[in-house]
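Single-structure report; data block below.
A short reminder: the numbers here are calculations on the coordinates, not readings from a lab. Note that the structure is a prediction, hence the values are computed from the model and not measured. Positions of Cβ are backbone-derived with ideal geometry, glycine not excepted, and every protein chain shown enters the neighbour counts.
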Amino acid sequence: MPDDAGLSPADRHHRALAALDAAARAWGGESLNPSARSAYAGRGVTHGWRLPVDFSDGRRRLDLLVDGHFPRSALRVALVDRPPFLTWPHVEKDGALCLLGGAAEVSAYDPVGVAETLLGDAASLIEDLIAGRLDADFEAEFLSYWDWSKTIDAPPVRSLLATQGPSRSIRVWRGRAFYLLAESDADLQTWLRNFDPGRRDPFQFEEAVLVWRPTPPSPRDYPASASTVLSLADERAAALIMEQAAKAPERLLIALGAPTVNGACFGAIILRRPLRGSSGARGGGETIYAGFRPGRGPPAIISRRYLGGASFMRSSVERADSAWVHGRGQDPRHATLKDATATVLGCGSVGGPVAVLLAQAGVGRIRLVDPEDLKTANTGRHPLGATHVRQMKAVALASRLAQSYPHLKIEAKACAWEDLPEAFALFRQSSVIVSTIGSWAAEGGLNAAHMAAGRRPQIVYGWTEPLGCAGHAVAIGPNGGCLQCGFDPLGTPRLQATRWPAGTHLQQEPACGAVYQPYGPAELTYTVGMIAEMALDCLLGEFDGSGVHRVWAGDGRRLVATGGDWTATWVEETRQRVEGRFVHERPWEPDERCLECARRAAAA
């Protein structure tokens, strides 16, 4: 659409509509009236055109649809002359065709060209559908088609189930907002206690059945009633369903699970016990126990009556297991991370966000250690906010993370690392330790204890330089230098990226000795991410056990503007990269001046 620079959105919209209208009429189409557009309620359609198109099986009509954001928004193409819903994949209930992926974009400057492309794609799709070449997509995209067929009022279901066979008995919790599936009561209890820590009433769990299939069912095989559920089940699953139906539960949940090329998926069927007067296997007007004492009767007869008269709902299932939450079931790192334990010492403005990132990455067990409570001044650069002020940082953060990621195991100790009980087994029960304490007395002592423990597991130490203009992450393993090798006896790093006039980087609260560095969360983000990434690298075996030092250099212009500068050593090592905004990696070497290494050597 030439010469449209500077047009207002409204003028661009009208010009695009005029161009598309002219093209559609040239293609033999006609404008859709309001009555025809009403077939696409909920899509915001403001204009449309109906076009006749010849296919291998005859002529069919396509609707070309636009909304009020056109041409910035994508056009939609719908098939008017179509078979019943769910006969063909990629055709939604109103006939709209799935042509563009969720990340697709379209040009706002060539609406006619976009329309031509989409109509061509639609024609190719329909020919493939006519020929049956895309039927396998029903299996590959099972979640979409099962969700489209679900019962409107069916409760949503979440799953913690293992994504594998065989068919088996499982457990279910029926909540008001959703149902939760798991392999055991213990799994349900742990997840729910994390998710709803304030609940006082006990959780009640019931038996359910998982039907595991080699492939998901196609829509033509979706059960339409309780009596047809058994057609989806193997012999083992059918026996379990009959066994449960014989107990005549108020509700019986049957989960369907199967692998696909895009990962495992689940659907759910919920059966409700037949009510008095419902039609059963022996005729209307009889309950499932007609002719027997209430709650008694031959299991085979009761199960047939139950399945013959139970009301039926299909419900969608959303996976909530760890593999799905952390990588949608397709992240190869997850198997390692879910079995790992990360201990974070110091849960302040650096350690707190690091712990959040480790939880989001899927580290299965996270232990938080910090002796301090949260102050209001902390909340500006901490994951916790005003509702947690005066609460112990470690405990409050653990509670928040457990509620956000209830499938993880989050623990807290509100003490200094030196005061940890022996049972905590800091070194023996950690896969990696992250120390962001920010105190040389504490971290120097930690380094000595680490050496005494054989320098296992790896410890990642993290700290920032003034105003967050630089940040450090050091991984100490069994080889290379110890932490002390990179510090003088008073805890000053031997390599500092920035230098400042004395005192210019510190400010003081109106209280005795209450000094702080005035940096914000944005400056801190890069250092936090670097520390968390190094901890994950340790867990994933990316290092050979030698010491590794990574330094984040912030924006050089900001550094100079705030009164600082790069040190000469840093400028020399990084080859004059004074502009900053990069990560520099270097080995953490042993140092002959290290007092801790010398003490160890003398003791040996």
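Worth pointing out:
- Label-point separation in nm, residue 562 to residue 492, each point 7 Å along Cα→Cβ: 2.1
- Helical content of the chain, expressed as a calculated mean residue ellipticity at 222 nm, amounts to -8500 deg cm²/dmol (DSSP H runs of 4 or more residues, -39,500 (n - 2.57) each, divided by residue number, nearest 500).
- Distance between the range 247-269 and the range 536-590 - C-alpha centres, whole angstrom: 51
- Panel order for 14, 472, by other beta carbons found within 10 Å of each beta carbon, from fewest to most: 14, 472.
- FRET efficiency, residue 123 to residue 87 (Cβ-Cβ, R0 25 Å, nearest 0.05): 0.85
- Residues in the range 451-456 carry Karplus couplings, in order, of 5, 5, 8, x, 6, 9 Hz; the curve used is 6.51 cos²θ - 1.76 cosθ + 1.60 with θ = phi - 60°, and Gly or Pro positions show x.
- Packing-based ranking, highest mean first, of 240-248, 529-537, 38-46, 162-170 given that Cβ atoms within 10 Å are counted: 529-537, 240-248, 162-170, 38-46
- Shown in residue order for the range 213-226 are the 3J(HN,Hα) couplings computed by the Karplus curve 6.51 cos²θ - 1.76 cosθ + 1.60 at θ = phi - 60°: 10, x, 9, x, x, 7, x, 5, 9, 4, x, 9, 7, 4 Hz (x for Gly and Pro).
- Summary of the geometry: the range 313-338 and the range 430-498, compared by the centres of their Cα atoms, lie 35 Å apart.
- Note on Cα extents along the principal axes in Å: of the candidates (1) 92, 58, 45; (2) 88, 47, 47; (3) 90, 81, 46, the value calculated from this structure sits at (3).
- Evaluated at q = 0.09, 0.13, 0.15, 0.17 Å⁻¹, the base-10 log of the normalised Debye intensity for the range 143-320, with identical point scatterers placed on the Cα atoms, takes the values -0.32, -0.66, -0.86, -1.07.
- Summed side-chain charge close to residue 185 - residues other than residue 185 whose Cβ falls under 13 Å, Lys, Arg +1, Asp, Glu -1: -2
- HN-Hα J in Hz across the range 415-426 - Karplus 6.51, -1.76, 1.60, θ = phi - 60°, x for Gly and Pro: 7, 6, 4, 5, 9, 5, x, 4, 5, 5, 6, 3
- The C-alpha atoms of the chain define a longest principal axis, and helix 185-195 lies at about 70 degrees to it.
- Ascending count of other beta-carbon atoms within 10 Å, so fewest first, for 528, 578: 578, 528
- The chain - percent relative contact order, Cα under 8 Å, separation 6 or more: 8
- Distance between the 7 Å Cα→Cβ label points at residue 372 and residue 589: 3.5 nm.
- Considering only the Cα atoms of the range 135-220, their convex hull presents on average a projected area of 6.7 nm².
- When the Cα atoms of the range 9-135 are aligned to their principal axes, the ranges along those axes come out at 43, 30, 26 Å in descending order.
- Computed extension gain for residue 600 through residue 449, at 0.36 nm per residue and net of the alpha carbon distance, reaches 53.2 nm.
- Among 488-496, 452-460, the peptide with the highest mean count of other Cβ atoms within 10 Å heads the list, and the full ranking is 452-460, 488-496.
- Using R0 = 22 Å, the C-beta based FRET efficiency linking residue 231 and residue 140 works out to 0.50.
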